[in-house]
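The next block holds one structure in the form of structure tokens; read it before the comments.
The values are calculated or read from the model by the stated rules, or taken from the named source; none is laboratory data. Computed from a predicted structure; not experimentally measured. FYI the Cβ positions are ideal-geometry reconstructions off the backbone, even for glycines, and counts take in every protein chain you see.
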Amino acid sequence: MDSNKKYWKGLEELNKTPEFVEKNKHEFAEPIPIEDVLTGGGLAGSTPRRDFLKALGFGVGAVTLAACQKVPVHKSIPYLIKPEDVTPGVANYYTSTYEGHAILVKTREGRPIKIEGNPKDLLAKGGVSAQAQSSVLDLYDVNRLKNPKKDGGDLGWGQTDEFIKSELAAIKAGGKKIRIVSSTITSPSTLAVIADFITQFPNTKHINYDAVSYTGIIQANQNSFGKAVLPHYNFDKADVIVSFGADFLGTWISPAEFTRQYVQNRNNKSLQSKKMSRHIQFETGMSLTGSNADVRIPVKPSEEGLALVNLYNAVSGKTLPGSKALKNNSTADKAIAIVAKELLAAKGKALVVAGSNDVATQVLVNAINSLLGSYGTTIDLDNPSRQYAGNDAGFVEIVNETNRGEVDAVFFLNSNPVYDYYSSKDIVAGLKKVRLRVSFADHNDETAALCNVVAPNHYYLESWGDDNAIEGYYTILQPAINPVYDTRQAEQSLLIWSDNAVKDYYTYVRNNWDKNLLSKGGLSGQSGWETLLQTGFVKAAANVSGSYTFSRDLNAVAQTILDHSNLLAGDGSKFELQLYQTVAIRDGKKANNPWLQELPDPVSKVTWDNFAALSPADMKNKGYQEGDVVTIDANGYSVTLPVLSQPGQKQGTVSVAVGYGRTNAGPVGDNVGKNAFPFFSLRNGTFQTSATAVLTATGDNSPLSQTQTHHSIEGRNSIIKEATFTEYLKNPSVETGKGKDHKDYSKNNLFWQDYDHPQYNWVMAIDLNACTGCGACVVACSAENNIPVVGKAEVGRRREMHWIRIDRYYSFNDNGKGGVTKETEIAKLEDLDHVKVVYQPMLCQHCGHAPCETVCPVLATVHSSEGLNQMAYNRCVGTRYCANNCPYKVRRFNWFNYWNDSRFENYLQNDHTLLVLNPDVVTRSRGVMEKCSMCVQRIQAGKLKAKIEKRSVKDGDIKVACQQTCPANAIVFGNANDPDSEVSKALSSERTYYVLEELGVQPGVGYQVKIRNISESEA
Amino acid sequence: MRSFSLIFKQFSRSVLLIAGFAFLGFSAYAQGDAAKGEALYKAKCSACHKIDIRVVGPALGQIVTAETDDKWLAKWVQNSQGLIAAKDPKALKIFNEYNQAGMTAFAELSDGDVADIMAYTRTTWKTMQAVPAPGTVAGQAAGTAAGQAAATGPSNLVVFSMIGIIVLAFIIILVLNKVIARLERLLLKNKGLFAEEAATQKAPVDRLATVKKLAKNKKLVFFVLLCGTLAFCSWGWVTMWNTNIHQGYQPVQPIKFAHDLHAGAMKIDCQYCHSGAYKSKNASIPSLNVCMNCHKTIDRALNSKTASTEIQKIYDALGYDPQTQKYDSTKARPVQWVRIHNLPDFVYFNHSQHVVAGKQKCQTCHGQIQEMKEVYQYSPLTMKWCVQCHKRTKVDFKGNAYYTNLEQVHKLLGEHKPVSVAVMGGIECSKCHY
């Protein structure tokens, strides 16, 4: 049963813009110049005989000379004294921590090459975010500071220590203030070091400052329940989830963990037990979370608070003073009524979250959650999260103190306020009055550039330490490599400067664990420490999660919210500006990472830039074209950014991502996009992420490099299949038609011989209902398979090299009726606000009857007896016929020698950064095709391990890189010949279908139909 | 009476003899059995001591001969730490002289055992000193020369004399031919056939004419040219075909490591040094600490008086001083071996796959390595060579549970008997190229 629902990859495809139609006639974005040669003056022009002979002679001579080169002598240099645990060619894994997640660091010959999840990690159970995957590359960043600096000049550690100690002594004697500014510190040992430092210098105060802050929630919990904590949310325990602008799958607090929790109630297992959570999202711009929601209601930032007030009224049955219906947003009004009913029905299993950093808004959210009985079930205040503890007002106070000249020393630890503080000029002015300014930054970042001493910190892969992401969960950070440069751990510097009895931070951590933490996991002594280093964490018994009742008066709170609302809304003539973080770049601390810059944004598919997202209706009203550069003016600051027409964006709003526009990040991140942090404002002691803005066109056009418009869906309807939960309950094989009227295309065998797969048949199953589209797999694949980064211009030419991409398809909201024709939908442009999104990871399908194989003239791509579509790079001559003939467009052509072409500043080129390459996978040269190999190096390694251990390959022994990193467990890989394997079971589910199955290519990757929990009653 | 006195005489003699021997023994050293001592020495002492040179412990020959107090020696051997603890001055001196490295206590050795060992040590040291040193060296040199000759086959002398004989034979044949020609001419002269003389004078002109005549024969010219072209082409083909194939490549290595000595004569298992071959894709060149396992005590060739310069290179690389037995890491410089076996980067080769899973011998690819003085590339390392082997080699299913299921698969297929690596998919692209 094929649905006739229309899917489209982008607006240009929907509207069939002439440009798009023209581009899609061709396989490649730019015509091949050979055609010019053949048709233009190329052939007509005569080459004189003498010239021809000259060229020939020179050519032969040059080639002969070049061939005279001797074969290079290769040196083989063994270890002088080999460390006992290193075997060249065999990877070692070390437990460590990334942002509170227990991870494993894969090292080869002593250098970390890949981050993998610790399967026992409490938060994401082995899932690893794109950030963590990419973090290994930053270790080899050549732009890291290589030694301490004073006033821009190099200095040894001894002199640095001498200088700072004498300064500190003088400051202590002078009695002026010392301030330590850090982003939230979750490490118990670091906090202890700072506490010791404060004991030595009692005038010191430590403030956590987060660029994107959660102070609002912490403050609200203080006001509501007397507990100033960031609660631990349990999305897995919620049947109904309502989010007001909280992008909890993409960027909010702990996205990898929340993805794992969220998917638990929506994956195959849950569906087979006839259970699926319901998720309603109210938001302005289209976020990753919003695009995954069952129902998404676009609201303006000014309407968000009002909507919450209305929801509170509907849930409590009371009416807060000043509450009113949303102006011009009847959809939201309707939705609130339905949502309230559903929430009440799911009492105790409901969860309302809001992304706002406004205290009043969060207090109201607390009130609603209290009414829904969420405390003790879906919200845990007794085992709180420690991931964010930013104190906005506290930091503002420090800025004021510096400006008043009260501060004599300030230390910046993993914080860069000169870049990400909303009023950067205040801090710049204030810093001038501070006598001793020390930054621990490992780059000469915006703040470090204004400091007189930079004492570069170790990278986390070189450090000892610990982490405590949520109460009772302590992870250990251990170095996986010796420090690459002459850096020193910030904690050690603080220990030395404060004349601590323990000068060595490792000893300090050890002591701290021996004394306080090991016992929490029932461990002790040397053996306990060794166990810890192997397991990576200890887990103390959880506190009993108590139930909390909200009992405060809400009138004042509602009034504050409404005031803010009115202020933002104004007279409605201006745009409302919403600031958000992208899934890849987040707050911009890792802007210098090329893997993250090239990771397409899940929704907009834009790489290497930020932009102003407008709704298609506003684009039309304003007469903007995609990529038109506009000036955005808000809060007394303005930037120019290209506009992007974003279906789903609320009309009258514009969304801009923060984290871009770095000026001192390094060559990769500098001047990519524009800085949007100055649009922040301070209100009631917290940073606010919305403002009113004026947009004016500059007349320029700066095309964005998007990836999703590179191919057309060509009107094929068998690519994406989705169904509603109600339909699924009635008939689990809805859409796939398995069992009855499903046509068997596998016998569609006109051109191809059948292959036997006597031993293994490696296949994959991807659950579209579990995949959230976060893109962690894309980065994991890049790290595993040495995939080059090509840069903005090349992405614009459709030459990105990712072996796996996340396709994002839009469709109109068909209100569950199905089969809405496109014409009637287009008529109502408003409907572009209510689009549905489906994500589909697309990689080589390893077809049984692969069209690429038949057209390869040199047999460079052939079928293996294990069901793989093999690609022999060294055989490929680069005809690109295979890419032309691939219906999935998953083949990638090497247009350049990315590893030695001077036109690209590629990580593959640098002698230092190329140490991150996986030695088991070759780098490809110019002129050859490449594509997903199904991590054949891992398959081979898994089989070899089994052979050596004299056992069969067990299901789950071999995990491919994308599967391993997926926090949602959406990807299952295995042997289809084994009927008991996970993948066989997944593929036999009723929801399984194969993309473009009707072509008869017998794809090896099965997808499971996307299910939406939409009831018939509402939009 | 006579007989009685005879018996008495004999008796008294023997008593005297025994008494004399006993006196001698007790006064000088406690007399031990050198033969017994040798066995004990090899079992207990040789790990740390040598008779003539200092290794971990001092050279025993001199020190034991100089030391006469065997009781003290026995005490030292049985419990040297006890003596040191008791602040015995002699013991303390030795202890400090040898880097305060404690000697293992051999409480199990009785005084008699120690005496045996001492006897062996002293006699061996005596014989060592008796044999003139140059003689040994010369003898050894002669031995090695002969050995070399045997190893390289016919000596240069044989080759040159053969060449000489051949040249001589040629000269004789030429001279004889000349003589025969003269005799024939004389014979003809005698017969009165003088006219021939004029004809022979024209002969050189005729010879040139033959060449000219031959050059006019187009068929012949074509044939010659064809042969030349064919020869050139086949030479070109072979040269091109073998471009970048370095079979027989035998570079000079920084240390003249002899596989024939280590793997051949000494029968050291390949795994001892190339431990990676059984665990990893790399066989791995041993790090120098592996060399030092043996070469800490062996610094010279067998029976050599002087330390080997090649072994000294190991010490230099490590910054190791054999005199003080201390390492100086600041002087350490890694050894830069020249890599002989180079597979291109786009080939994945795993040693453990072949050696452990595939049960292949090292020699299959590396040749008779235990006979190579210097290692050379034995195999061409071409894809053809790989594929050929994969086609010919049968998979050994026995005793490996990995193949249990797969074996059934092949039984079901009822073909491909016996199963080669290729049948198992061993010649598919992505088995080696990824």
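Determine whether A:Val890 is closer than 15 Å to A:Ile787 by Cα, aliphatic (A, V, I, L, M) and touching a helix residue (DSSP H, G or I) at 6+ places or on another chain (Cβ under 7 Å). Give the steps one after another, and end with the answer.
On the way: closer than 15 Å to A:Ile787 by Cα: yes; aliphatic (A, V, I, L, M): yes; touching a helix residue (DSSP H, G or I) at 6+ places or on another chain (Cβ under 7 Å): no.
Judged against the criteria, A:Val890 is not a match.
In the stretch B:231-251, is there at least one residue being over 27 Å from B:Trp385 (Cα atoms) and over 26 Å from the mean Cα position of the chain (by Cα)?
No: the stretch B:231-251 contains no residue that is over 27 Å from B:Trp385 (Cα atoms) and over 26 Å from the mean Cα position of the chain (by Cα).
Determine which single condition A:Leu917 fails, assuming it passes every other condition in (1) in contact with a strand residue (DSSP E or B) (Cβ under 9 Å, 6 or more places away or on another chain); (2) at the interface with chain B (Cβ under 10 Å from one of its Cβ atoms); (3) within 17 Å of A:Ser782 (Cα to Cα).
(2)
Quick check on B:Cys270: is it outside the structural domain of B:Ser46 (by TED's automatic domain parsing) and within 21 Å of B:Val355 (Cβ to Cβ)?
Numbers: outside the structural domain of B:Ser46 (by TED's automatic domain parsing): yes; within 21 Å of B:Val355 (Cβ to Cβ): yes.
Yes; evaluated as a whole, the condition is true for this residue.
Quick one: A:Asn366 ticks every box in (1) part of a helix (DSSP H, G or I); (2) in the same structural domain as A:Ala429 (by TED's automatic domain parsing) bar one, so which box is it?
Condition not satisfied by A:Asn366: (2).
Select the helices (runs of 4 or more DSSP H) contained entirely in the stretch A:115-234, then report the ones holding at least 1 residues which are surrounded by fewer than 19 Cβ atoms within 10 Å (Cβ to Cβ) and of a type outside the set (Asp, Glu).
Values: elements: A:130-139, A:157-174, A:188-200, A:215-225.
Once the helices (runs of 4 or more DSSP H) in the stretch A:115-234 are filtered for at least 1 residues that are surrounded by fewer than 19 Cβ atoms within 10 Å (Cβ to Cβ) and of a type outside the set (Asp, Glu), what remains is A:157-174, A:188-200, A:215-225.
Is there a residue being modelled with pLDDT under 85 and over 31 Å from the mean Cα position of the chain (by Cα) anywhere in the stretch A:71-81?
Residues of the stretch A:71-81 modelled with pLDDT under 85: A:71-72.
Subset that is over 31 Å from the mean Cα position of the chain (by Cα): A:71-72.
Within the stretch A:71-81 (the criterion being modelled with pLDDT under 85 and over 31 Å from the mean Cα position of the chain (by Cα)), the answer is yes, since at least one residue qualifies.
Within the stretch A:491-513, is there a residue that is of a type in the set (Ser, Thr, Tyr) and outside any helix (DSSP H, G or I)?
First pass over the stretch A:491-513, keeping only residues of a type in the set (Ser, Thr, Tyr): A:493, A:498, A:505-508.
The next check asks that each one be outside any helix (DSSP H, G or I); those that pass are A:498.
Yes: the stretch A:491-513 contains one or more residues that are of a type in the set (Ser, Thr, Tyr) and outside any helix (DSSP H, G or I).
For the stretch B:261-274, give me the residue count where each residue is without any contact (Cβ under 8 Å) to a residue 12 or more places away in the chain and within 14 Å of chain A (Cβ to nearest Cβ).
Result for the stretch B:261-274: 1.
With respect to the numbered conditions (1) part of a loop (DSSP other than H, G, I, E, B); (2) free of Cβ contacts under 8 Å to residues at least 60 places away in the same chain; (3) among the aliphatic types (A, V, I, L, M), which one is the sole condition not fulfilled by A:Ala480?
Going through the list (1) part of a loop (DSSP other than H, G, I, E, B); (2) free of Cβ contacts under 8 Å to residues at least 60 places away in the same chain; (3) among the aliphatic types (A, V, I, L, M), A:Ala480 breaks only (2).
In the set A:Lys954, A:Lys947, which member is facing chain B (nearest Cβ under 9 Å), surrounded by fewer than 22 Cβ atoms within 10 Å (Cβ to Cβ) and not small (Gly, Ala, Ser)?
On the way: A:Lys954 fails: facing chain B (nearest Cβ under 9 Å).
Testing whether each residue is facing chain B (nearest Cβ under 9 Å), surrounded by fewer than 22 Cβ atoms within 10 Å (Cβ to Cβ) and not small (Gly, Ala, Ser) leaves just A:Lys947.
State all residues of the stretch A:840-881 that are surrounded by fewer than 22 Cβ atoms within 10 Å (Cβ to Cβ), among the β-branched types (Val, Ile, Thr) and within 14 Å of chain B (Cβ to nearest Cβ); if no residue qualifies, say none.
A:Val858, A:Val862
If you go through the stretch B:387-406 one residue at a time, how many are assigned to a loop (DSSP other than H, G, I, E, B) and facing chain A (nearest Cβ under 10 Å)?
Step one: list which residues in the stretch B:387-406 are assigned to a loop (DSSP other than H, G, I, E, B), which gives B:393, B:395-401.
Checking which are facing chain A (nearest Cβ under 10 Å) leaves us with B:399-401.
Total satisfying the criteria: 3.
So, in the stretch A:964-988, how many residues would count as being without any contact (Cβ under 8 Å) to a residue 12 or more places away in the chain and either of a type in the set (S, T, N, Q) or touching a Phe, Trp or Tyr at 6+ places or on another chain (Cβ under 6 Å) (or both)? Steps first, answer last, please.
Initially, the stretch A:964-988 is screened for residues without any contact (Cβ under 8 Å) to a residue 12 or more places away in the chain, giving A:979, A:984-985, A:988.
Checking the rest, the ones that are also either of a type in the set (S, T, N, Q) or touching a Phe, Trp or Tyr at 6+ places or on another chain (Cβ under 6 Å) (or both) come to A:984, A:988.
The total comes to 2.
Kindly check whether there is at least one residue in the stretch B:288-299 that is among the acidic types (Asp, Glu), more than 10 Å from chain A (Cβ to nearest Cβ) and either part of a loop (DSSP other than H, G, I, E, B) or without any contact (Cβ under 8 Å) to a residue 12 or more places away in the chain (or both).
Of the stretch B:288-299, the ones among the acidic types (Asp, Glu) are B:299.
If we keep only those that are more than 10 Å from chain A (Cβ to nearest Cβ) as well, we get B:299.
The next check asks that each one be either part of a loop (DSSP other than H, G, I, E, B) or without any contact (Cβ under 8 Å) to a residue 12 or more places away in the chain (or both); those that pass are B:299.
Among the residues of the stretch B:288-299, at least one is among the acidic types (Asp, Glu), more than 10 Å from chain A (Cβ to nearest Cβ) and either part of a loop (DSSP other than H, G, I, E, B) or without any contact (Cβ under 8 Å) to a residue 12 or more places away in the chain (or both), which makes the answer yes.
Conditions tested, residue by residue: (1) farther than 25 Å from A:Asn92 by Cβ; (2) at pLDDT 90 or above; (3) of a type in the set (Gly, Ala, Ser); (4) in contact with a strand residue (DSSP E or B) (Cβ under 9 Å, 6 or more places away or on another chain).
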position	(1), (2), (3), (4)
A:Ala449	yes, yes, yes, yes
A:Gln489	no, yes, no, yes
A:Thr507	no, yes, no, no
A:Phe537	no, yes, no, yes
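If a residue has to be closer than 18 Å to A:Arg808 by Cα, in a helix (DSSP H, G or I) and among the hydrophobic types (A, V, I, L, M, F, W, C) to count, how many in the stretch A:260-309 make the cut? Please lay out each step first, then the result.
Let us first name the residues in the stretch A:260-309 that are closer than 18 Å to A:Arg808 by Cα, namely A:285-296.
Cutting the leftovers down to in a helix (DSSP H, G or I) gives us A:288-292.
Among the residues that remain, those that are also among the hydrophobic types (A, V, I, L, M, F, W, C) are: A:288.
Number of matching residues: 1.
Considering only the stretch A:882-908, how many residues are among the polar types (S, T, N, Q), outside any helix (DSSP H, G or I) and surrounded by fewer than 17 Cβ atoms within 10 Å (Cβ to Cβ)? Walk me through it before giving the result.
Taking the stretch A:882-908 first, the residues among the polar types (S, T, N, Q) are A:884-885, A:894, A:897, A:900, A:902, A:906.
Filter once more, so that each one left must be outside any helix (DSSP H, G or I): A:894, A:897, A:900, A:902, A:906.
Next cut, surrounded by fewer than 17 Cβ atoms within 10 Å (Cβ to Cβ) only: A:900, A:902.
Looking only at that region, the number is 2.
All but one of (1) surrounded by fewer than 17 Cβ atoms within 10 Å (Cβ to Cβ); (2) more than 10 Å from chain A (Cβ to nearest Cβ); (3) not in a helix (DSSP H, G or I) hold for B:Pro334; state the number of the condition that does not hold.
Evaluating B:Pro334 over (1) surrounded by fewer than 17 Cβ atoms within 10 Å (Cβ to Cβ); (2) more than 10 Å from chain A (Cβ to nearest Cβ); (3) not in a helix (DSSP H, G or I) leaves (2) as the failure.
So A:Ser984 passes all but one of these: (1) part of a loop (DSSP other than H, G, I, E, B); (2) away from every other protein chain (no Cβ under 14 Å). Which condition number does it fail?
All conditions are met except number (1).
Please go through the stretch A:22-62 and give me each residue that is surrounded by 10 or more Cβ atoms within 10 Å (Cβ to Cβ) and either at pLDDT 70 or above or in the same structural domain as A:Phe893 (by TED's automatic domain parsing) (or both), ordered by number.
A:Asp51, A:Phe52, A:Leu53, A:Lys54, A:Ala55, A:Leu56, A:Gly57, A:Phe58, A:Gly59, A:Val60, A:Gly61, A:Ala62
Would you call A:Asp408 in contact with a His (Cβ under 9 Å, 6 or more places away or on another chain), buried (at least 21 other Cβ atoms within 10 Å of the Cβ) and in contact (Cβ under 8 Å) with a residue 12 or more places away in the chain?
Values: in contact with a His (Cβ under 9 Å, 6 or more places away or on another chain): no; buried (at least 21 other Cβ atoms within 10 Å of the Cβ): yes; in contact (Cβ under 8 Å) with a residue 12 or more places away in the chain: yes.
It is false that A:Asp408 is in contact with a His (Cβ under 9 Å, 6 or more places away or on another chain), buried (at least 21 other Cβ atoms within 10 Å of the Cβ) and in contact (Cβ under 8 Å) with a residue 12 or more places away in the chain.
Which strands (runs of 3 or more DSSP E) does the stretch A:657-772 wholly contain that include 3 or more residues that are modelled with pLDDT of 85 or more and outside the structural domain of A:Cys932 (by TED's automatic domain parsing)? Walk me through it before giving the result.
Numbers: elements: A:681-683, A:686-688, A:690-701, A:722-724, A:762-767.
So the answer is A:681-683, A:686-688, A:690-701.
Is it true that A:Ala389 is part of a strand (DSSP E or B), touching an Asp or Glu at 6+ places or on another chain (Cβ under 9 Å) and closer than 21 Å to A:Ile198 by Cα? Break it down into steps so the answer makes sense when it comes.
Values: part of a strand (DSSP E or B): no; touching an Asp or Glu at 6+ places or on another chain (Cβ under 9 Å): yes; closer than 21 Å to A:Ile198 by Cα: yes.
Criteria not met by A:Ala389.
Mind listing just one residue for me: the one in the stretch B:342-386 that is within 13 Å of chain A (Cβ to nearest Cβ) and in a helix (DSSP H, G or I) and, of those, surrounded by the fewest Cβ atoms within 10 Å (Cβ to Cβ)?
This residue is B:Met383.
Can B:Arg339 be described as surrounded by fewer than 19 Cβ atoms within 10 Å (Cβ to Cβ), within 29 Å of A:Ile939 (Cβ to Cβ) and within 9 Å of chain A (Cβ to nearest Cβ)? Full working, then the answer.
On the way: surrounded by fewer than 19 Cβ atoms within 10 Å (Cβ to Cβ): yes; within 29 Å of A:Ile939 (Cβ to Cβ): yes; within 9 Å of chain A (Cβ to nearest Cβ): yes.
Here the answer is yes, as B:Arg339 does meet what is asked.
Determine which member of the set A:Ala62, A:Ala102 is more than 24 Å from the chain's Cα centre (by Cα), away from chain B (no Cβ under 14 Å) and farther than 28 Å from B:Pro254 by Cβ.
Values: A:Ala102 fails: more than 24 Å from the chain's Cα centre (by Cα).
Testing whether each residue is more than 24 Å from the chain's Cα centre (by Cα), away from chain B (no Cβ under 14 Å) and farther than 28 Å from B:Pro254 by Cβ leaves just A:Ala62.
Can you tell me which of (1) more than 10 Å from every other protein chain (Cβ to nearest Cβ); (2) in a helix (DSSP H, G or I) is the one A:Val1001 doesn't meet?
(2)
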